[in-house]
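Here's the structure, in structure tokens; my notes come after.
Read-outs throughout are calculated quantities, based only on the coordinates presented, and are distinct from any laboratory measurement. This one's a predicted model, so the numbers in the text were calculated from it and none came from an experiment. Using ideal geometry, Cβ is built from the backbone for each residue, glycine included, and neighbour counts are taken over all protein chains shown.
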Amino acid sequence: MNQHTILEERGNVFIITINRPEKKNALNSQLWQELCEAIDYFEQQDHLIVAILTNAGDVFCAGSDLKELAEGTYHAPENYSDWGFGGITRHFCPKPIIAAVNGRALGGGAEMALAADLCVITSDGAISFPEIKRALLATGGGALLRAGRALPIKRAMELMLTGDPISAQTAYDWGLVNALAEPGRVLDEALALAKRITCNGPLAIKATKRAIYECMDKSIMSDSDGWDMMMDLDVAIKKTHDAHEGEVAFAEKREPRWEGR
């Protein structure tokens, strides 16, 4: 039994709930370990296509557990020391992860939301990177690496240089999150988004995610290595059973039956 997470499978969607609300879901060593193990499990299960990372209580995650830090017992998870904060900030998961933020995400928790592939937040929520207010840098979970890619540069500068929280509506307007949800319905909204993804071919989903991230620093000129990478993926996908099934299902006017091969 996990101490600080609740795990649930709903069809081909894997739900990971951070369940330490009495500590604002701050990550102690045990919770960090459980998140890494959950994501590892998700990656290994072929029937699971999308993961949703959400929270109990009204704080998604308040960052690291300061008590453990003060005691000197805070440590990276065994066997996952290079996966980064929460198991997703430095680790590339080949399948999509949706952050479903119930309330506020701050510090390391905001970095986890930023690291997720998609994000839904409750309309009464907020996102902040307050490290700079303590003369620190938001580097532990890669926020400074991702902010300028996720946002227009002047918005990224405002968010990171002030350390001030932005409302859920502002985060949506800036393009930092995909959708707003009424309080209490963030998981429903995330599941609806996951369903729109999981109806597609699972191999193509993984290839699409990889291509988007790998092409971020590539030129769109026709002779770039980005095109070579995409064409290689395209050739590989077209040889799969699912690609053929998609064509046949379209011709027969029926829903495809994906097998992930």
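For residue 196 and residue 257, what is the calculated FRET efficiency with R₀ set at 25 Å and r taken between the beta-carbons, to the nearest 0.05?
The computed FRET efficiency comes out at 0.85.
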Provide 42, 14, 60, 250 in ascending order of the number of other Cβ atoms located within 10 Å of each residue's Cβ, fewest first.
250, 42, 14, 60
Taking Cα atoms only, helix 241-251 is inclined relative to the longest principal axis of the chain by an angle, in degrees rounded to 10, of 70
Full-extension gain between residue 188 and residue 213, please, as 0.36 nm times their residue separation minus the C-alpha to C-alpha distance.
6.3 nm
Would you kindly derive the ³J(HN,Hα) couplings of the range 75-84 from the backbone phi angles with the Karplus curve 6.51 cos²θ - 1.76 cosθ + 1.60 (θ = phi - 60°), listing them in order in whole Hz, with x for Gly and Pro?
8, 5, x, 5, 6, 9, 5, 9, 8, x
Hey, rough spin-label estimate for residue 46 and residue 3, points 7 angstrom out along Cα→Cβ, what's it come to in nanometres?
3.6
Cα-Cα over 30 Å, subset of 195/253; 24/95; 24/218:
24/218
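So how do 218-228, 15-25 stack up, highest first, on mean other-Cβ count within 10 Å?
On the way: 218-228: 11.4, 15-25: 20.0.
Listed from highest to lowest mean packing, they are 15-25, 218-228.
If packing is taken as the average count of other Cβ atoms within 10 Å, what order do 67-77, 114-124 fall into, highest mean first?
Values: 67-77: 12.6, 114-124: 23.2.
Output ranking for 67-77, 114-124: 114-124, 67-77.
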Using Rg and Dmax of the Cα atoms in Å as the read-out, say which of [x] 19.1, 64; [y] 17.2, 50; [z] 20.4, 65 was calculated from these coordinates.
[x]
Check which residues have an amide H placed less than 5 Å from residue 101's amide H, if you skip close sequence neighbours.
120, 121, 122
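Could you tell me which of rounded, prolate or oblate describes the range 1-83, using a ≥ b ≥ c as the square roots of the eigenvalues of the alpha-carbon gyration tensor, with rounded for a/c under 1.5 and, failing that, prolate when a/b is larger than b/c and oblate otherwise? Don't skip to the answer; put the middle values down first.
Numbers: a/c = 2.80, a/b = 1.51, b/c = 1.85.
Cα axes put the range 1-83 in the oblate bin.
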Is there a quick way to get the dipole size of the chain? I mean about its Cα centre, with the Cβ of Lys and Arg at +1 and of Asp and Glu at -1; what is the value in debye to the nearest 20?
440
Highest average packing first - 167-174, 97-104, 184-191, Cβ atoms within 10 Å:
97-104, 184-191, 167-174
How many nm is it between the label spots at residue 238 and residue 29, if each spot is 7 Å from the Cα in line with the beta carbon?
5.3
